[in-house]
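Taking it in order: structure first as structure tokens, then the write-up.
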Amino acid sequence: MTAIQRARRNTLGDILRRSSRRYPTKAALQFEEETLTYLDLDRIVNQAANALISKGLKKGDRAAVLSRNSMDFAILNFAMAKAGVIMVPINYMLNAEDVAFILGHAEVAACFVSPEFLPLVQEGLRLANAKPILCSLISRPAVPQDEWIPFRSLIEQEPDREPEVDLDDEDVAHILYTSGTESRPKGVMLTHRNLISEYVSTIIEGEMDADDVAVHALPLFHSAQLHCFLGPYVYLGGSGIILEQATPSLILETVEAYRATQLFCPPTVWIALLRSPEFASRNLSSLKKCYYGAAIMPVEVLKELGERLPGAQFFNFYGQTEVAPLATVLKPAEQIRKAGSAGKPALNVETKIVDEEGNEVARGCIGEIVHRTSHAMLGYYKDAEKTQAAFVGGWFHSGDLGIMDEDGFITVVDR
């Protein structure tokens, strides 16, 4: 890498380092009893990145993470980025056969697993006949088991200096496996450039700022929580509280205790929060920015949330993992007037509705939703045929059907 390339580089590791220099003593992330300032987080991420390298992982190697939310998950996210290792988050609700397919297809060189999912991963590795060079237990204090090394003991003796790795914005940072309507998961390759472009769109459209205190409650293996919230807030220098699971009681307790200003939940979880007996007894007045996605929020629920959280504004984020995943946003002012809509294209996104031949249809007509954006994936890992099928005529074809109304708002009619 030349000096000019290094000076111009913009990767996930770079955004953390910059935040650590802007806000060294500010709380970056908290999980249970552990709080890391931005300087602490950058240092432990460097230690973890150096540990990956010293254990033999090379730029471009894939490493699986199968865990509930934890501080270690967040550390690994940025450590792998600094080491040039491609992170492969795996849905812990999959069965052993699906886990085996991902481990085998990605040809993982390392596995990072929380203890409760160790039997699932061990079975997956057996079925895939995979033998990663590094196996580590994360999330909880753990004793070594066979070749499985506790993550914190793996990194504690490593130097906290920035690792020397030749990285480029267009290097793949993550491979997220998504099945959609296919029988086998597809590996969505997202580059550093994809993700940071999407972070900028998310920050602007979601009206986020560095003074926010965000609750990261939904699973980090999913692109929504990881790439619409955790990543953007580290980029901004905001503070985040990581929750292991999205239980209503824990979410409500956390919002009150930490005076959280931001919360993302799908509509099912927002409904569960409203129906919790603790909703009325907790002081939730700090909430200012509330987000939902993955499904339409019933208008009755929107109205109730507006009445019970009068100081909060709501945003609907819509998109696909293949666009990292933000594509369109329904802003607070339109929540009731355009209820049911996915909103308008986000910053850095161009969206239209097309027919089967790829021609744009008239407003009010049903067609496929397609996007042109710097968020769009590099392609599907080891699947050139499906990649070509997804990108036709210079547009990413989402597979979702929708309608664009006369005001330019998009409604998804079939996901």
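Run down the aspartates and glutamates and flag those whose C-alpha is under 18 Å from the C-alpha of residue 59, throwing out any fewer than 8 positions away in its chain.
14, 107, 162, 164, 166, 168, 169, 170, 171
Mind checking the full-extension length gain between residue 2 and residue 184? Use 0.36 nm per residue of separation minus the Cα-Cα distance, one decimal, nm.
Numbers: separation 182, 0.36 × 182 = 65.52 nm, distance 4.05 nm.
Between residue 2 and residue 184, full extension yields 61.5 nm more.
Once phi is turned into θ = phi - 60°, what whole-Hz ³J(HN,Hα) does the Karplus curve with 6.51, -1.76 and 1.60 give for every residue of segment 338-346, x standing for Gly and Pro?
Once θ is set to phi - 60°, the couplings for segment 338-346 become 10, 3, x, 8, 8, x, 10, x, 6 Hz.
How large is ³J(HN,Hα) for each residue in segment 317-322, as worked out from phi by the Karplus curve 6.51 cos²θ - 1.76 cosθ + 1.60 (θ = phi - 60°), to whole Hz, x for Gly and Pro?
Using θ = phi - 60°, the values come out as 9, 10, x, 10, 3, 5 Hz.
Between 196, 102, 149, where does the largest GNM mean-square fluctuation fall for the chain, given springs only between Cα atoms within less than 10 Å?
Comparing 196, 102, 149 in a Gaussian network model of the chain, the most mobile one is 149.
Could you tell me which residue out of 413, 2, 92 lies farthest along the dipole of the chain toward its positive end? Charges go on the beta carbon: Lys and Arg +1, Asp and Glu -1, centred on the Cα centre.
So the residue we want is 2.
Could you work out how much longer the chain between residue 385 and residue 304 gets when fully extended? Use 0.36 nm per residue separation minus the Cα distance between them, nm to one decimal. Write down the numbers at each step before the final one.
Details: separation 81, 0.36 × 81 = 29.16 nm, distance 4.65 nm.
The span from residue 385 to residue 304 would gain 24.5 nm if fully extended.
Would you please give the residues with an amide H less than 5 Å from that of residue 399, counting only those at least 5 places away or on a separate chain, with H modeled from the backbone geometry?
Close amide H contacts, sequence-distant or interchain: 369.
Assuming a ≥ b ≥ c are the square roots of the Cα gyration tensor eigenvalues, decide whether segment 269-320 counts as rounded (a/c under 1.5), prolate (otherwise, with a/b larger than b/c) or oblate. Could the numbers behind the result be given before it?
Working: a/c = 1.93, a/b = 1.55, b/c = 1.25.
Note, shape of segment 269-320 comes out prolate.
For segment 378-395, take each phi angle, set θ = phi - 60°, evaluate the Karplus expression 6.51 cos²θ - 1.76 cosθ + 1.60, and give the result in whole Hz per residue in order, putting x for glycine and proline.
Ordered by residue, 3J(HN,Hα) equals 5, x, 8, 4, 6, 8, 5, 5, 5, 5, 4, 5, 7, 10, 10, x, x, 10 Hz.
Work from the charge dipole of the chain (Cβ charges, +1 for Lys and Arg, -1 for Asp and Glu, about the Cα centre) and give the residue of 165, 249, 226 farthest towards its positive end.
Of the options given, the answer is 165.
Give me the accessible area of residue 254, 1.4 Å probe, in Å² rounded to the nearest 10.
My reading of the accessible area for residue 254 is about 10 Å².
How much accessible area per residue does segment 71-185 have, counting only protein heavy atoms and a probe of 1.4 Å, in square angstrom? It would help to have the intermediate numbers written out before the result.
Values: 4900 Å² over 115 residues.
Spelled out: the 1.4 Å probe surface of segment 71-185, per residue, equals 43 Å².
What shape does segment 1-119 have by the C-alpha gyration tensor, where a ≥ b ≥ c are the square roots of the eigenvalues, rounded means a/c under 1.5, and otherwise prolate means a/b greater than b/c and oblate the rest?
On the way: a/c = 2.52, a/b = 1.34, b/c = 1.88.
It is oblate, given that a/c is not under 1.5 and a/b is not larger than b/c.
Compare the Cα positions of 320, 109, 52 along the charge dipole of the chain (+1 at Cβ of Lys, Arg; -1 at Cβ of Asp, Glu; about the Cα centre) and return the one farthest towards the positive end.
52
Measure off 7 Å from each Cα along the Cα-to-Cβ vector at residue 170 and residue 249, then give the distance between these two points in nanometres to one decimal.
5.2
For segment 331-382, what is the accessible area per residue in Å², given a 1.4 Å probe and the full set of protein chains?
49
For segment 194-348, rounded, prolate or oblate, judged on the Cα gyration tensor with a ≥ b ≥ c (square roots of eigenvalues), a/c < 1.5 rounded, else prolate if a/b > b/c? Kindly include the intermediate steps, with their values, before the conclusion.
Numbers: a/c = 1.63, a/b = 1.20, b/c = 1.36.
It is oblate, given that a/c is not under 1.5 and a/b is not larger than b/c.
With charges set only on the Cβ (+1 for Lys and Arg, -1 for Asp and Glu), what does the dipole of segment 1-122 come to about its Cα centre, in debye to the nearest 20? Let's see the in-between values first.
Numbers: 15 positive and 12 negative charges, 204 e Å.
So the dipole magnitude of segment 1-122 works out to roughly 980 debye.
If the label point is 7 Å along Cα→Cβ of residue 32, which residues in segment 138-177 have backbone nitrogen under 12 Å from it?
So the set is 138-142.
Suppose every K and R has +1 on its Cβ and every D and E has -1 on its Cβ; what is the size of the dipole of the chain about the Cα centre, in Debye to the nearest 20? Don't skip to the answer; put the middle values down first.
Values: 40 positive and 54 negative charges, 143 e Å.
Charge dipole of the chain: 680 debye, to the nearest 20.
What are the residues whose amide H is under 5 Å from the amide H of residue 291, where those residues sit 5 or more places off or on another chain and H is modelled from the backbone?
The answer is 263, 264, 265, 315.
Using Cα pairs closer than 8 Å and at least 6 residues apart in sequence, work out the relative contact order for segment 259-384, in percent.
Working: 188 pairs, mean separation 23.1, N = 126.
With pairs under 8 Å counted, the relative contact order is 18 percent.
Could you check the simple spin-label distance between residue 160 and residue 361, using points 7 Å along Cα→Cβ, in nm with one decimal?
5.7
Report, in debye and to the nearest 20, how large the dipole of segment 265-415 comes out about its Cα centre when Lys and Arg carry +1 and Asp and Glu carry -1 on their Cβ. Don't jump to the answer; show the numbers that get you there.
Working: 16 positive and 19 negative charges, 170 e Å.
Charge dipole of segment 265-415: 820 debye, to the nearest 20.
Of all accessible surface on the chain at a 1.4 Å probe, what whole percent is carbon and sulfur?
Working: 8480 of 16820 Å².
In the chain, the share of accessible area belonging to carbon and sulfur is 50 percent.
Can you show me the helix-derived [θ] at 222 nm for the chain, built from DSSP H runs with n ≥ 4 at -39,500 (n - 2.57) apiece and divided by the number of residues, rounded to the nearest 500.
On the way: 13 runs with 131 residues, N = 415.
Here the helix-only value at 222 nm equals -9500 deg cm²/dmol.
Would you tally the net charge around residue 257, using a Cβ to Cβ cut-off of less than 15 Å, leaving residue 257 out, and scoring K and R as +1, D and E as -1? Write down the numbers at each step before the final one.
Working: positive: 259, 282; negative: 32, 33, 253, 256, 278.
For residues surrounding residue 257, the net value is -3.
5 Å is the cut-off here: which amide hydrogens, built 1.01 Å from N in the peptide plane, fall below it relative to residue 346, excluding neighbours closer than 5 in sequence?
Residues meeting the amide H criterion: 328, 329.
The values are calculated or read from the model by the stated rules, or taken from the named source; none is laboratory data. As the structure is a computational prediction, the values presented were derived from the model and not from experiment. Every residue, glycine as well, gets a Cβ built from its backbone with ideal geometry; the counts of neighbours run over all protein chains shown. Note: accessible area is taken over every heavy atom of the protein model, side chains too, but ligands, DNA and RNA are not part of it. Shrake-Rupley method; radii C 1.70, N 1.55, O 1.52, S 1.80 Å.
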